[in-house]
Amino acid sequence: MASDLTTTIIIPCFNEAKRLAADELLAFVNQTTDISFLMVNDGSTDRTAALIHDLSRRRPDKISSLHLAANRGKGEAVRQGLLKALEAGSGAVGYWDADLSAPLVEILRLRDILIQHQTLDAVIGARVKLLGRRIERKLWRHYAGRIIGTLISMALYLPVYDTQCGAKIFRASPGLKNLLIEPFQTRWLFDVEIFARALMSFASHGNMSLTFYEEPLESWSHVGASKIGPGDFPVIIREFWRIWRAYSLQLSRKEKAAAAIMSVRKPPVGVRPPGERRY
């Protein structure tokens, strides 16, 4: 179904030649009219660049590419892609994991929420196990995610459940662009930095740059070998500490509480309230 909100989805790719489902991506763009993809090659050393080139050759109207000369990390690949999409005039922008662990059809569902509720600036997916939904995650990743998610929620004073889900869509706005001007300080927790920067904007200007809404995904499944393993948990903790020092320590509890109220609007009718805890 077409809409008046043309959308560009960023797919960051680093050595994704074996995981990127090219046929699935092509099938999706052939069925939609107002959603395009920007594939960002983050200095890959395998056949990723060639695969992206072939995709953009087959559907140049719907699939474009951006090649970074060296590996800069997922956060920088996403940031560069979002800025390019905003400059091109997309009505909405977002990013999706290259392994398509969240089915592409979820893009339509998340974007529909953004279209139907003009007070929302961002709809972010959450991997929550609920009856009638298919969420398949490794047990250690689930509990590691809950630890990180709880720490982030406490640090930023936001009732967010799943900051690291790679399925997010934003309404294009000057506020979003302002949050992306400076490079992120972390490679993996850049999602959290977007929330943190929005909080900082509230403290500085008295208004929230983005109004977030968290929506449980209908389906998500682990695909192939993950880029993050149990051994990376200490690295993620260090990145969290870096965010704490750079953002959270600069905000008082009163400022965080006030910003949190502004960051999450009243839930759309018939949709679960954001931040509802599920374990």
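Structure values in brief
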read-out: Test result for Ser56, in the same structural domain as Val93 (by TED's automatic domain parsing) and in a helix (DSSP H, G or I); value: yes
read-out: Yes/no for Tyr143 being of a type outside the set (Lys, Arg), over 21 Å from Thr186 (Cα atoms) and at pLDDT below 90; value: yes
read-out: Long-range neighbours under 8 Å by Cβ, at least six apart or interchain, first residue closer than 15 Å to Glu193 by Cα within region 162-178, second buried (at least 22 other Cβ atoms within 10 Å of the Cβ) and of a type in the set (Ser, Thr, Tyr); value: Gly166/Tyr95; Gly166/Ser101; Lys168/Tyr95; Gly175/Ser209; Leu176/Ser209; Asn178/Ser209
read-out: Test result for Asn41, under 24 Å from Thr186 (Cβ atoms) and in a loop (DSSP other than H, G, I, E, B); value: no
read-out: Which listed residue, of Ile135, Ile148, is within 28 Å of Leu20 (Cβ to Cβ), modelled with pLDDT under 90 and hydrophobic (A, V, I, L, M, F, W, C); value: Ile148
read-out: Helices (runs of 4 or more DSSP H) contained in region 167-279 and holding at least 3 residues modelled with pLDDT of 85 or more; value: 174-180, 190-205, 233-246
read-out: Residues (exposed (fewer than 15 other Cβ atoms within 10 Å of the Cβ) and farther than 20 Å from Leu114 by Cα) located in region 1-21; value: Lys18
read-out: For Ala27: the one exception among (1) of a type outside the set (Phe, Trp, Tyr); (2) surrounded by 15 or more Cβ atoms within 10 Å (Cβ to Cβ); (3) not in a loop (DSSP other than H, G, I, E, B); value: (2)
read-out: Residue under evaluation His67, criteria (1) surrounded by fewer than 17 Cβ atoms within 10 Å (Cβ to Cβ); (2) within 26 Å of Arg171 (Cβ to Cβ); (3) in contact with a strand residue (DSSP E or B) (Cβ under 6 Å, 6 or more places away or on another chain), criterion not met; value: (2)
read-out: Selected residue (only one of Leu86, Leu51, Leu26, Leu66 is closer than 25 Å to Phe212 by Cα and at pLDDT 95 or above); value: Leu86
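The values are calculated or read from the model by the stated rules, or taken from the named source; none is laboratory data. As the structure is a prediction and not an experimental result, all values here were calculated from the model. With ideal geometry, Cβ positions are generated from the backbone for all residues, glycine too; neighbour counts draw on all protein chains shown.
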